[in-house]
Amino acid sequence: MALSVSPAISRIEAPPIAEAMTWLRPGECNRGLLNLCQAVPSYAPAEALQAEIARLAKDPEVHLYTDIHGVPELHTALAQHMAADYRGRISPDNVSITSGCNQAFCAAIMALAQRGDNVVLPSPYYFNHQMWLDMLGVEKRLVPAFALGRTYPLPEDAAPLINDRTRAIVLCSPNNPTGAIYPASIIEAFYDLAKASGIALIIDETYKDFRSSPDPLHGLFARPDWQDTFVQLYSFSKVFSMTGYRVGSIIAGSKVLAEAEKILDCMAICAPQISQRAALFGLAELEDWKRGKARLMEERREALLAAFENPALSYRLVSSGAYFAYVMHPFSRLAAKAVAMRLAGEHDVLCLPGSMFGPEQDSYLRLAFANSPAEDMPLLVERLIESQGPLGTTR
Ligand SMILES: Cc1ncc(COP(=O)(O)O)c(C=O)c1O
């Protein structure tokens, strides 16, 4: 008799990036693929970081497990970094190091919610957030993440959805997939709502370093009792171009971290020590390098915005920032996935359909522009225009 698998997992859609790769026809793309699919830095880690990793590999201590929450030096360095960046107060005890921000999300949600509970989530959302919630049987209560004239969700849309089974509001800013950076006042209002409701405010801030203004994204870490409400998730993947090293963090109060510790112990015991030490080096030594890369991303975004000014283009930018642009496609009778498959198969542009990021997103595509040099943006627009056909638009 054949084995059976868990229905709780088998009903979840396959991982989106892997699916999108199948839309390409191997060997047939003879003019160079414009790959705007996965949000991966298009450049190697800093030379100095590569050298440090090579040095670390020879240190016998580095081959060992660390504490479940990570190495103490990294707690201190990250607490100091965040306290400076957000002009707040964070103790090293509030820091847990994880194997990437995805694991941080998994542990934070599992620590807070169980089957039958619910969380408030702006839609479109980061698909791995949705997948994990669905796997756990935690209901998503969706609020619109943008509308005409605004690119962020509203606390007043979230408030009526909160009931006695709500455990958290989950935000992502700078946002994946829209790129939008939520105004500090909106984030603070979500915090006030979460606090008044006795639930957590989780914010995935993976892209926090890719913002054009040096101002803090919000003032939550300056609130005297932020530990009772706020859970910040972060990733070292993009900031130091070390996606394969798997290191991220949860910053939260001891109540959440005590539960997360049990989960992290079972999942991976600890984040790889060599990666933690590399992250520590990055925080100490790579501030200028990091700023240079953030400027590079901003230049790419500006080049994209300029290219989208082309009057022949019927695709419309809804939102952009950090690594992403969210774009309305011009085909009113085509679902986003059909458009994305056509772009991949016929026009050598790989991107993700909005439908992978939530319901009612069939008019949109996510372009991870961070992957492409600024010089390629006019070419991208040329290929989008080519995809419109002779009529230009059908919307
Ligand atoms: C919003 C968001 N969170 C988390 C992650 C994953 O980060 P990590 O590589 O640290 O697991 C990504 C990666 O694309 C992301 O876009």
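What follows is calculated from the coordinates using simple rules that are stated; it is not laboratory data. Here the structure is a predicted model, which means the values were calculated and not measured. Methodologically, a virtual Cβ is constructed for each residue, glycine included, from the backbone with ideal geometry; neighbour enumeration extends over all protein chains shown.
Mean-square fluctuations from a GNM of the chain, with a 10 angstrom spring cutoff on Cα atoms, peak among Ser213, Ser363, Ser319 at Ser213. Largest GNM mean-square fluctuation among Arg25, Arg277, Arg89, using the chain with Cα springs under 10 Å: Arg25.
Quick one: putting +1 on the C-beta of Lys and Arg, -1 on the C-beta of Asp and Glu, what dipole do you get for the stretch 211-269 around its Cα centre, in Debye to the nearest 20?
Dipole of the stretch 211-269, to the nearest 20 debye: 240 debye.
Across the stretch 48-72, the residues whose backbone nitrogen lies under 15 Å from the label position 7 Å along the beta-carbon direction of Ile269 are 61-71. Among Phe240, Phe221, a tally of other beta-carbon atoms within 10 Å of each Cβ gives an order, fewest to most, of Phe221, Phe240. Pop the C-beta distance of Leu317 and Glu285 into the FRET formula with R0 = 22 Å and round what comes out to the nearest 0.05. Rounded to the nearest 0.05, the efficiency is 0.05. Applying 1/(1 + (r/R0)^6) with R0 = 30 Å to the Cβ-Cβ distance of Ser42 and Met328 gives a FRET efficiency near 0.75.
If you count Lys pairs in the chain whose Cα atoms are under 13 Å apart, skipping same-chain pairs closer than 8 places in sequence, the total is 5.
Computed on the stretch 47-285, with alpha-carbon pairs under 8 angstrom and 6+ residues apart, the relative contact order is 30 percent.
Each residue of the stretch 308-318 is assigned a 3J(HN,Hα), and the resulting list reads 6, 5, 3, x, 7, 8, 9, 6, 10, 6, 8 Hz, derived from the Karplus form 6.51 cos²θ - 1.76 cosθ + 1.60 (θ = phi - 60°), x at Gly and Pro. Given R₀ = 25 Å, FRET efficiency for Met135-Asp228 by Cβ-Cβ distance, to 0.05? So the FRET efficiency works out to roughly 0.35. Taking every DSSP helix (H) stretch of at least 4 residues in the chain, weighting each as -39,500 (n - 2.57) and dividing the sum by the residue count yields a mean residue ellipticity at 222 nm of -11500 deg cm²/dmol. The Cα atoms of the stretch 47-285 cover 56, 38, 32 Å along the three principal axes, with the biggest extent listed first. Annotation: for a label point projected 7 angstrom from Cα along Cα→Cβ of Asp192, residues of the stretch 214-250 with backbone N closer than 17 Å are 218-226, 229-230. Estimated at 0.36 nm per residue, the fully extended path between Ala335 and Arg87 surpasses their Cα-Cα distance by 84.9 nm.
Share of antiparallel DSSP beta bridges in the chain, in percent to the nearest 5?
Rounded to the nearest five, the antiparallel share is 50 percent.
Among 171-184, 297-310, how do they line up from the highest to the lowest mean number of other beta-carbon atoms within 10 Å? Write down the numbers at each step before the final one.
On the way: 171-184: 24.4, 297-310: 17.0.
Those peptides, ordered most packed to least, come out 171-184, 297-310.
Rounded to the nearest 20, the Cβ-based charge dipole of the chain about its Cα centre (Lys and Arg +1, Asp and Glu -1) stands at 580 debye. Solvent-free Debye calculation, one equal scatterer per alpha-carbon of the stretch 17-111: log10 I(q)/I(0) at 0.12, 0.15, 0.23 Å⁻¹ equals -0.70, -0.94, -1.27. Inter-label distance, Asp157 to Glu261: 3.9 nm, where each label sits 7 Å from its Cα along the C-beta direction. Only one residue of Ala104, His81, Ile12 has its Cα farthest out toward the positive end of the dipole of the stretch 9-123, where Lys and Arg carry +1 and Asp and Glu -1 on Cβ, and that residue is Ile12. The length gained on full extension between Leu3 and Glu73, counted as 0.36 nm times the residue separation minus their Cα-Cα distance, comes to 20.6 nm.
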